[in-house]
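**Q** I have a structure here, written as structure tokens, and I will follow up with some questions on it.
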Amino acid sequence: MARTVVITGSTSGIGLGIAAGFAKAGENIMLNGFGSEAEIAEAVAALEKLGAASVAYHPADMTKPDEIADLIATAGKTFGGVDILVNNAGIQYVSAIEDFPADKWDRIIAINLTSSYHTIHHAVPLMKKAGSGRIINVVSAHGLVASPFKSAYVAAKHGMMGLTKTVALELAQQSITVNAICPGYVLTPLVERQIPDTAKARGLTEEQVKTDVLLAAQPTKQFVTVEQIAAAALYLASDAASQITGTHISIDGGWTAQ
Ligand code: NAD
């Protein structure tokens, strides 16, 4: 029987790549994230074509607790439960701490950290009722190490590592695993968007930001792909990974080995 996968922020980048991976495996997919009606219809059709059992979309804004509650409740009602929850929605803002606007700080903490409290809080009762579950948090190398000018992002992502470990311990005897995936740089719209800001903050050209800043941290000198992250998510959702909990898989070209 098809399992049900809820993926926050899955209309673009890594989330959409993870949705494609689970679609190929024939699962039910609950998409979420921003986008025009046409973009969302296109993503739904593409996932159906890849082999998803069924695809639904919910527009919950990850800054709005009521909408997040409705996302999980709707997935439960539509598909009969939530087997796999992928907390992936995330945004970035690059600025020196003294110039960092308070509203940007609050928004990053809300989307990159607090939204996962809400999704997990509502999904765990459904998983307990089903007797199993998988929670996969798309964190970052920035959940393990820092870079300058990304204070809110690094703080939120370090918070996600703490949330991952704590909830894993709470659910260890309920056949529900909780893990993080910590990617290095993946060339998605999120990274493309921060190149001009990083260039400004560091006084570099955009090409220099790609080679000397982004890939400077990544010893392989190659960007990670969304397909590689989807493969790790599928593995964490498999029976083979039932004893992996409260930890992370780094996919960062050696970044955090340094
Ligand atoms: P992206 O910008 O391509 O996609 C982000 C997704 O989140 C989109 O679907 C967007 O609509 C959605 N989103 C944004 N704000 C939202 C909100 N308020 N409510 C609901 N959805 C919202 O970004 P990405 O690079 O695919 O990043 C996905 C995740 O991976 C993020 O958590 C990011 O921190 C993490 N990550 C990315 C990289 C990278 O190099 N791209 C590296 C490590 C970790």
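**Q** When only C-alpha pairs under 8 Å and at least 6 residues apart count, what is the relative contact order of the stretch 1-93, in percent?
**A** Here the relative contact order equals 37 percent.
**Q** Kirkwood hydrodynamic radius of the chain from all distinct Cα pairs, in Å? Walk me through the intermediate numbers first.
**A** Details: mean 1/r = 0.0544 Å⁻¹.
Here the Kirkwood hydrodynamic radius works out to 18.4 Å.
**Q** Could you let me know the centre-to-centre spacing of the stretch 158-199 and the stretch 226-240, using Cα atoms, in angstrom?
**A** So the separation of the two Cα centres works out to 14 Å.
**Q** Quote to one decimal, in nm, the extra length available between Gln208 and Tyr117 on full extension: 0.36 nm per residue of separation minus the C-alpha distance between them.
**A** 29.1 nm
**Q** Consider a paramagnetic label point 7 Å from the Cα of Thr247 along Cα→Cβ; state which residues of the stretch 169-188 have an amide N under 12 Å from it.
**A** Those under the cut-off are 179-180.
**Q** Would you mind counting up the charge near Val139? Only other residues with Cβ under 15 Å from its Cβ, with Lys and Arg at +1 and Asp and Glu at -1.
**A** Combined, the nearby Lys, Arg, Asp and Glu give +2.
**Q** In nanometres, what is the gap between the two model label sites at Phe34 and Ser147, each 7 Å from Cα along Cα-to-Cβ?
**A** Rounded to a tenth, the inter-label distance reads 2.1 nm.
**Q** Quick one: if you stick a label point 7 Å off each Cα along the C-beta vector at Leu190 and Glu42, how many nm between them?
**A** 2.1 nm
**Q** Now for a separate question. Mind listing the phi-derived Karplus ³J(HN,Hα) values for the stretch 197-206, rounded to whole Hz, using 6.51, -1.76 and 1.60 with θ = phi - 60°, and x for any glycine or proline?
**A** Once θ is set to phi - 60°, the couplings for the stretch 197-206 become 5, 5, 4, 5, 4, 9, x, 10, 7, 5 Hz.
**Q** Right, something else. In terms of modelled amide H atoms, which long-range or inter-chain residues lie less than 5 Å from the amide H of Phe34?
**A** Distant-sequence amide H within range of Phe34: Thr11.
**Q** What FRET efficiency comes out for Thr225 versus Ala257 if R0 is 25 angstrom and r is the Cβ-Cβ distance? Round to the nearest 0.05.
**A** It comes out at approximately 0.80.
**Q** Which pairs break 25 Å Cα to Cα here: Lys104/Lys200; Lys24/Lys165; Lys64/Lys104?
**A** Cα-Cα > 25 Å for Lys24/Lys165; rest within.
**Q** With a 10 Å cut-off between alpha carbons and a GNM built on the chain, which of Ala168, Ala46, Ala240 moves the most?
**A** Comparing Ala168, Ala46, Ala240 in the GNM, the peak value goes to Ala240.
**Q** Can I ask one more? Which net charge results when you count Lys and Arg as +1 and Asp and Glu as -1 among the other residues whose beta-carbon is under 14 Å from that of Ala20?
**A** Here the count lands on -2.
**Q** Pop the C-beta distance of Ser238 and Leu169 into the FRET formula with R0 = 25 Å and round what comes out to the nearest 0.05.
**A** Efficiency, rounded to the nearest 0.05: 0.70.
**Q** Between Arg107 and Asp66, what FRET efficiency follows from the Cβ-Cβ distance if R0 is 25 Å, with the result rounded to 0.05?
**A** According to the calculation, E is roughly 0.90.
Every number in this text was worked out from the coordinates using simple rules, so none of it is lab data. What you are looking at is a predicted structure, and each value in this text was computed from that prediction instead of being measured. For neighbour counting, all protein chains shown are included, and Cβ atoms are generated from backbone atoms with ideal geometry for every residue, glycine included.
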